[in-house]
Ligand code: ADP
Ligand code: MG
């Protein structure tokens, strides 16, 4: 085994299989894969989150409860005791005193080895137990009389691990990777010397060695907070890689040619004339940005940010008309079935006199319907295609795709954007892209997560909206809430009742909604109650939505599927059950379903008491503000960026080391150093991106 590692020591650490390391077989390899560790280089970047000081032996008399210590002594004896829990107690003694080791799980062999007179070295946390000073389940080793304490000069790292992989084992594997590194294994440092100096380190190698094996006088608090310069160096490298990746995406996209789509002079004026409202100034400004982009022969890559209800859809419709007016097709993609259907209805309604052929495609469209839709898309008869992720599928082939609209972008990560871009490639032309999000994105995030996009903001709501009045109500005041619903419905208004669940499980969510639905039906006998959730089929859903829209259903019980896009202006009351379970951005989105008409609207947050301090703080923010931007900023402070964007799952913001709430100060310098690399070390850029984003692998996936 040892031989193996010396023969490979100078190789690229990504080229060595993990099974070359001592103690790693196929089973362990699988476990490591769960930790996203695929080769020794990954081991080096698997960083400790905590450290222990095992650099010296503490005398038993000097033990302090709560500290992690190494002790050495002789076993006085051991016994199994049957207290509340059967446990094995082992007494040990050094020159200064006696302590007890307590094991709740132990084997016979283990018990037999812990016999009187043997010398033992243990590591564990000191507790105050029934027999005085105790160590619960310490790591231990029987040692010889002559055995010297290996004077470890470094702190002991504790790594994030996975089921069935013990620290000891993981540590010994990572140590082997560190040995390879020390012996000179190839690890390219992509930073110029000066950038390393900014983080007070000589090189990537030094930084990694320090983080895995800090000297005993290291600043533990900084290290454990991730704020040591060596750690910050790595975080910076990762952020830089992400930024460079997005820039590269943008450059690649801009080398593509797009069909220039000239300003439309027929359809758009006709639509605007029939619109029951006038565009806001902000909508006009944003559409003029879009209009200009479309007219060029480079693909537009524009993000529209606008708070819930700011009227993004109409901008998308205008862009669509400019596209169809030039003889190209439009794809409109929404993150959920229900939102896609909603768009389908909206587009159909607004475009009904303009001869636009609109097709719908989602995973649930099957059989002949599907074949029909695919044919219309393929032969170009469908001018506008609205759907879900299903639009990604290989079998969907557009005749002349000119524009893709992606609504509620926060659910689509960078890799989906990539796939879309490729999807649209047609006769050497790339489609334009318009991305719309209701989640306001703080500037720092914008720069890191969306560096590939131009951005326009709709910073104004349509006139005549009054802010939603938000109230917090404890669950035990439910009867009052029922009364509010009765009142609202009696005066011709409509209401939403939103059920939330902690579990991700859609099944459970739907079950919960069904239970609530039944209960409310009983409590509100004279009111027509409807139920909508994600497990209904498309027809059922659109039937229910239709009846809610026309007002025959007065109270709509829903899961969070209505989060985005649903638009019923007459609904002026919303009850959100267990709002403490949701993120602020999501709550804000939900709340945005009311307050769309001229009627004063209310949102009741029906929380489970007692609320945690944090929970209280968060709901107070909701009560205090209707400003999505402010709320997002607060959410960012409280929960970190992945959650704010709601994109944790998509992998877009999944940093291995960097943490935007902690490291946002690093972003200020990213641009300048990216520029420096592009000018002075252009060859470093691709490998740097690959190291951190495994882009190759990901490209393959989408
Ligand atoms: P969002 O930005 O959340 O997607 P929508 O596009 O769904 O918002 O618009 C919300 C509602 O506001 C819709 O009913 C839409 O018809 C209406 N609306 C959009 N623009 C205006 C406007 N300029 N004046 C009045 N109502 C508008
Ligand atoms: Mg919308």
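Estimated from the Cβ-Cβ distance and a Förster radius of 25 angstrom, the FRET efficiency linking residue 163 and residue 659 is about 0.55. Here, segment 525-622 has an Rg and a Dmax of 14.3, 43 Å when only alpha carbons are counted. Taking the convex hull of the alpha carbon positions in segment 36-117 and averaging its projected area over all directions gives 8.6 nm². Computed from label points 7 Å out along Cα-Cβ, the spacing between residue 115 and residue 36 is 5.0 nm.
Estimated from the Cβ-Cβ distance and a Förster radius of 25 angstrom, the FRET efficiency linking residue 668 and residue 193 is about 0.75. Where the centroid of each part is defined by its Cα atoms, how far is segment 156-233 from segment 357-406 in Å? Measuring centre to centre over Cα atoms gives 50 Å.
If you plug the beta carbon distance of residue 455 and residue 514 into 1/(1 + (r/R0)^6) with R0 = 30 Å, you get a FRET efficiency near 0.15. Helix 613-624 and the longest principal axis of the C-alpha atoms of the chain enclose an angle of approximately 20°. One chain, two ends: residue 354 and residue 57. Fully extended at 0.36 nm per residue, the span grows by 98.6 nm beyond their Cα-Cα distance. Per residue, the convex hull spanned by the Cα atoms of the chain measures out at 200 cubic angstrom.
Sorting 347-356, 317-326 by their mean Cβ neighbour count within 10 Å, with the most densely packed peptide first, gives 317-326, 347-356. Were the residues from residue 221 through residue 483 laid out at 0.36 nm apart, the gain over their Cα-Cα distance would be 88.9 nm. What angle do you read, to the nearest 10 degrees and between 0 and 90, between the alpha-carbon axis of helix 478-490 and the longest principal axis of the chain? Here the helix axis deviates by roughly 10 degrees. At full extension, residue 130 and residue 630 could sit 174.7 nm farther apart than now, given 0.36 nm per residue minus the alpha carbon distance. For the chain, the longest principal axis of the Cα atoms and the long axis of helix 506-523 meet at an angle of about 60 degrees. Highest average first, the peptides 140-149, 515-524 ordered by how many other beta carbon atoms sit within 10 Å of their residues are 515-524, 140-149. Each residue in 692, 497 was given a count of other beta-carbon atoms within 10 angstrom of its own, and listing them fewest first yields 692, 497. Rg and Dmax, both from the Cα atoms of segment 213-369 and both in Å, are 23.1, 77.
When both bridge partners sit in segment 45-177, DSSP labels roughly 90% of those beta bridges antiparallel. Secondary-structure-derived ellipticity at 222 nm for the chain, considering helices only, amounts to -12500 deg cm²/dmol, per-run term -39500 (n - 2.57) for DSSP H runs with n ≥ 4.
Legend: ranking of residues 456, 664 from fewest to most surrounding C-beta atoms inside 10 Å; resulting order 664, 456. Normalising the average separation of contacting C-alpha pairs (under 8 angstrom, six or more residues apart) by the number of residues puts the relative contact order of segment 123-179 at 19 percent.
Bridges between two residues of the chain, per DSSP, are antiparallel at a rate of about 40%. Put simply, when 46-57, 104-115 are sorted by average Cβ atoms within 10 angstrom per residue, most first, you get 46-57, 104-115.
Taking label points 7 Å from Cα along the Cα-to-Cβ direction, residue 262 and residue 152 give a separation of 7.5 nm. Distance between the 7 Å Cα→Cβ label points at residue 547 and residue 616: 4.3 nm. Panel order for 629, 82, by other beta carbons found within 10 Å of each beta carbon, from fewest to most: 82, 629. Which of the three applies to segment 119-179, rounded, prolate or oblate, going by the alpha-carbon gyration tensor with a ≥ b ≥ c and a/c under 1.5 meaning rounded? Oblate shape, in that a/c is at least 1.5 and b/c is the bigger or equal ratio.
Throughout, read-outs are computed from the coordinates displayed, never taken from laboratory work. Nothing here was measured: the structure is a model prediction, and the numbers come from that model. Heads up, the Cβs are rebuilt from the backbone with ideal geometry, glycines too, and the neighbour counts pull from every protein chain shown.
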